[in-house]
Amino acid sequence: MVKSIRSWRETFTTHADGSDATLTFTELVGEADGPTIGISASIHGNENAGSQAIVDLFRLLRGMPLKGRLLLLPVANPRAFAVNHRFTPIDELNLNREFPGDPAGNYTQQLARAISRHFLEVIDVHIDLHSGTDRPTVDYVYIWNDEAMSRAFGSRILYRPAQGRGGTVFTGTTKVVTLDRRGIPCVVVELGGGIVDQTPYVARTVAGVMNMLRQKGAIPGDVVAPPAQTVVREIATIRPTRGGWLEPLCPPLGEEIAGGALLARVTSPYSFETLEEIPTPYARGVMILSHLSRNLVESGDYGFMVGNLEGAEP
Ligand SMILES: [Zn+2]
């Protein structure tokens, strides 16, 4: 069983309002020895489905047999989380681009350093939960360096980023810092978001993480075999170039979209005219990030992510 549970705060600086800037951790220590598995969420403050899932995971896991230790960081960027904002409001930086951080740097770099010191550098396995925001909904899992654990989450679509891309997109993210420094197994989950009920996504996140924990031997039980999975090697991110109502026309997440089909149109909320029609970029694509309802967007917002099925693997 879980031998002990402890929550504590680590202070890394002060705010101008007099409060301490802190990170809150919870650890569950099992009776048997085993690795420390770190689970983090809300590195982007407006992606809180993972934070919701960690609440439910805690309630489930506290009464279960556990091998090793679980270290929970349910809110990695508390100031951004509190105002439902992707970036840290204090300096408008993307926390996920500031690792390993700097204790003498700006606010987000200090936050990143505290996460590195108190979390990334003390765990043996890392599960990082991202989601869509309160507009787009997303559904895929990255394969970095532990394909079996990535597949055990149970998503139908996985993404294996091309190697040797110069590290432009991923340099400085938690993933690469974690990988480069100690090579610990690391899985990044992208699931949920949108102006829709989050209950099914949170439930799938809980079930997926539980299966990864079984796969790592942290909790007992048979690993549930994943559904038929597709691993894409290339994902296109498509952004509307006009602001207005984004009206989705595409198939559901995980479904194929044929070449020439429209992902969405952008309609003027004022004149009702069609401002833009957004086609899918591939001859054979699969829906990875989408808008599930008519959403208001600005030019350049996250629109869609489509995986290329040409060159995809089972
Ligand atoms: Zn994110």
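Within segment 25-56, how many residues turn out to be crowded, with 21+ Cβ neighbours inside 10 Å, closer than 17 Å to VAL187 by Cβ and either of a type in the set (Val, Ile, Thr) or more than 16 Å from the chain's Cα centre (by Cα) (or both)?
4
Can LEU129 be described as part of a strand (DSSP E or B) and either within 27 Å of ASN295 (Cα to Cα) or among the charged types (D, E, K, R) (or both)?
It is true that LEU129 is part of a strand (DSSP E or B) and either within 27 Å of ASN295 (Cα to Cα) or among the charged types (D, E, K, R) (or both).
Listed here are the residues, each with its yes/no results for (1) among the β-branched types (Val, Ile, Thr); (2) touching a Leu at 6+ places or on another chain (Cβ under 7 Å).
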| position | (1), (2) |
| --- | --- |
| SER7 | no, no |
| GLU10 | no, yes |
| THR26 | yes, yes |
| GLY63 | no, no |
| GLY68 | no, no |
| PRO89 | no, no |
| ASN96 | no, no |
| ALA114 | no, yes |
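Give the residues of segment 64-89 that are small (Gly, Ala, Ser) and either on the phi > 0 side of the Ramachandran plot or outside the structural domain of ALA53 (by TED's automatic domain parsing) (or both), sorted by residue number.
GLY68
What are the residues in segment 186-228 that are more than 15 Å from the ligand (Cβ to nearest atom) and under 23 Å from ALA312 (Cα atoms), if any?
GLY208, ALA225, PRO226, PRO227, ALA228
Of all the residues that make up segment 118-157, how many are basic (Lys, Arg), more than 15 Å from the ligand (Cβ to nearest atom) and surrounded by 18 or more Cβ atoms within 10 Å (Cβ to Cβ)?
Of the residues in segment 118-157, 1 are basic (Lys, Arg), more than 15 Å from the ligand (Cβ to nearest atom) and surrounded by 18 or more Cβ atoms within 10 Å (Cβ to Cβ).
If the requirement is being outside the structural domain of GLU256 (by TED's automatic domain parsing), hydrophobic (A, V, I, L, M, F, W, C) and either within 13 Å of the ligand (Cβ to nearest atom) or part of a loop (DSSP other than H, G, I, E, B) (or both), which of these qualifies: ILE43, ILE37, ILE115, ILE54?
Being outside the structural domain of GLU256 (by TED's automatic domain parsing), hydrophobic (A, V, I, L, M, F, W, C) and either within 13 Å of the ligand (Cβ to nearest atom) or part of a loop (DSSP other than H, G, I, E, B) (or both) holds for just one of ILE43, ILE37, ILE115, ILE54, which is ILE43.
With the requirement that a residue be within 16 Å of the ligand (Cβ to nearest atom) and either surrounded by 17 or more Cβ atoms within 10 Å (Cβ to Cβ) or hydroxyl-bearing (Ser, Thr, Tyr) (or both), what does segment 96-112 give you?
If the condition is that a residue be within 16 Å of the ligand (Cβ to nearest atom) and either surrounded by 17 or more Cβ atoms within 10 Å (Cβ to Cβ) or hydroxyl-bearing (Ser, Thr, Tyr) (or both), then ASN96, GLU98, PHE99, THR108, LEU111, ALA112 are the ones that fit.
The values are calculated or read from the model by the stated rules, or taken from the named source; none is laboratory data. Owing to the predicted nature of the structure, the values given are computational and were not obtained by experimental measurement. Cβ sites come from the backbone with ideal geometry, for glycine too, and all protein chains shown count toward neighbours.
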